[in-house]
Amino acid sequence: MAKGLSLFERRRQRVRTTLRAKGNHRPRLSVHRSGQHIYAQVIDDDQRRTVVAASTLEKAVRDKTGATVSAAAETGKRLAERASAAGITKVVFDRGGFLFHGRVKALADAAREGGLEF
């Protein structure tokens, strides 16, 4: 790993490297968490395109704050519904550089309950 990177950037590189090393060709469920919102998307790395996406910026969720565990869980449910409609059942979870705790964990648990396997 390169010198001079922040802890977050090193963690993100380590997660992505591990995902690539496993060599499975499943779509990747990528999560981004900001101070106010959470975003998730299922990405097909072979074709380099986003298959489905969900976030707390959507109109149905926007009236609530996006920085809560419940909003993250709602986003995970919506993503799982859209992924199953697109025919995706198995994904690889890419937490980016974020710790698997709080909102990221709530999104992942809700996506699992919605039918995604990872």
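Per-structure values
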| item | result |
| --- | --- |
| Inter-centroid distance (Cα atoms) of the stretch 98-113 relative to the stretch 1-46, Å | 14 |
| Modelled FRET efficiency - R0 30 Å, F118 with L5, Cβ distances, 0.05 increments | 0.70 |
| Expected-Rg normalisation [2.2 N^0.38 Å, Cα atoms] applied to the chain | 1.04 |
| Ascending count of other beta-carbon atoms within 10 Å, so fewest first, for S70, S6 | S6, S70 |
| Order by protection proxy (mean Cβ within 10 Å, highest first), peptides 53-59, 79-85, 14-20 | 79-85, 53-59, 14-20 |
| The stretch 69-118 shape via C-alpha gyration tensor axes, a/c threshold 1.5 | oblate |
| Order of H37, H101, H32 - criterion: other Cβ atoms within 10 Å of each residue's Cβ, fewest first | H101, H32, H37 |
| 222 nm mean residue ellipticity, helices alone, for the chain (DSSP H n ≥ 4; -39,500 (n - 2.57); rounded to 500) | -12500 deg cm²/dmol |
| Net charge of Cβ neighbours under 10 Å - reference L5; Lys, Arg +1; Asp, Glu -1 | +3 |
| Surrounding net charge for A72, when Lys and Arg each add one and Asp and Glu each subtract one, Cβ distance under 9 Å | +2 |
| Sparsely packed chymotrypsin sites (Phe, Trp or Tyr not before Pro) within the stretch 22-110, loop by DSSP, other Cβ within 10 Å at most 13 | F100 |
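Values in this text are rule-based calculations from the coordinates and carry no lab data. Quantities reported herein were computed from a predicted structural model and do not represent experimental measurements. Note that each Cβ is placed from the backbone with ideal geometry, even for glycine, and that neighbours are counted across all protein chains shown.
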